[in-house]
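Asker: One structure, as structure tokens, below. Some questions next.
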Amino acid sequence: MNATRIFFLTIICCSCLHPFLRAQPPEKQRAMEALRSLSDRYRNYKNLSFNISYRYSSEDKPGIYLDSLKGAFSMSGSRYRYVIDSTEFMGSAALTLVVYKQDKVLFLSKTPAVPQAGNPIALLDSIVLKNDSVNCRLTETKELQKIQLSFTAGSAMKQLEYTIDRKSGLVSRITQVVPAKQLYDPSVSSLVEGNASYAIVEILFMNYREGGFEERELDLGRYIKKEGAQYVPVAPYESYKIFLATPDL
């Protein structure tokens, strides 16, 4: 599983949490309300951009990093663009596009019915959050708010923690504890000893800024257009192949 897959695996708009808020235990309800508020805060920004850095370590040797990756995120309302290495993720309310530049492939799909809204924080599906196997903890200091989710054995993730800067109200760090086999590259996962070992994935959010890019940067028309019933690549991407993840596009 690549790093971007880890990052986007749980991206979802948190508005779907609302129907379940009243039914939750107090601690879980507080955590869910904080997540929903956080999701809304990002979704309401216009022309927000920031840098992202991934760091990987073994759970039994935290702070000793095996590898790292850097990426950049731009978003405005329901549109976003996320770049890491030679891969781009772009989305709108209707379509999601993944651009694999090394392979010259454009992977196009419909945006899920529950809108992702370009949300840069890894929020969990309400079905997971309302499950009794998920324990939630919310802690606060003058500077930081932390939302920690812990999962039972056998889950795809062991632990997920959001660190939020209380001054800006934005995420400064996400820490995930996942099975080592889910790491983005076999060469890294092989460095984590033992088949049952867990790895720590830290995602650092830096250099938040507003108005640092043009709206055209988020335009899917930079890569594709529709001719009749078909999507075709546009210059300078004429040599790219388009794969449709949703057959009826």
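The values are calculated or read from the model by the stated rules, or taken from the named source; none is laboratory data. All values reported here derive from a predicted model rather than from experimental measurement. Cβ atoms come from the backbone with ideal geometry, glycine included; neighbour counts cover every protein chain shown.
Asker: Only one of (1) under 25 Å from VAL201 (Cα atoms); (2) modelled with pLDDT under 85 fails for GLY77. Which number is that?
Answerer: Here GLY77 meets the rest and fails (1).
Asker: From the set of residues in the range 174-228 that are of a type in the set (Ser, Thr, Tyr) and not in a loop (DSSP other than H, G, I, E, B), which is modelled with the highest pLDDT? I'd like the intermediate steps shown before the answer.
Answerer: Kept after step one, since they are of a type in the set (Ser, Thr, Tyr), are these residues of the range 174-228: 175, 184, 187, 189-190, 197-198, 208, 223.
Retained after the next criterion (residues that are not in a loop (DSSP other than H, G, I, E, B)): 175, 187, 189, 198, 208.
Values: THR175: 91, SER187: 57, SER189: 55, TYR198: 84, TYR208: 94.
Out of the qualifying residues, it is TYR208.
Asker: Using the structure shown, decide if LYS70 is part of a strand (DSSP E or B), surrounded by fewer than 16 Cβ atoms within 10 Å (Cβ to Cβ), in contact with a Ser or Thr (Cβ under 9 Å, 6 or more places away or on another chain) and touching a residue at least 12 places away in the same chain (Cβ under 8 Å).
Answerer: On the way: part of a strand (DSSP E or B): yes; surrounded by fewer than 16 Cβ atoms within 10 Å (Cβ to Cβ): yes; in contact with a Ser or Thr (Cβ under 9 Å, 6 or more places away or on another chain): yes; touching a residue at least 12 places away in the same chain (Cβ under 8 Å): yes.
So LYS70 fits the description; yes.
Asker: Please specify each residue of the range 46-67 satisfying the condition of being within 24 Å of GLU215 (Cβ to Cβ) and either of a type in the set (Asp, Glu) or surrounded by fewer than 17 Cβ atoms within 10 Å (Cβ to Cβ) (or both).
Answerer: Kept after step one, since they are within 24 Å of GLU215 (Cβ to Cβ), are these residues of the range 46-67: 46-52.
LYS46, ASN51, listed by residue number.
Asker: Something else about it: Would you point out the residue of the range 134-146, among those that are at pLDDT below 90 and surrounded by 16 or more Cβ atoms within 10 Å (Cβ to Cβ), that is nearest to SER37 (Cα to Cα)?
Answerer: Restricting to residues being at pLDDT below 90 and surrounded by 16 or more Cβ atoms within 10 Å (Cβ to Cβ), the top hit is LEU138.
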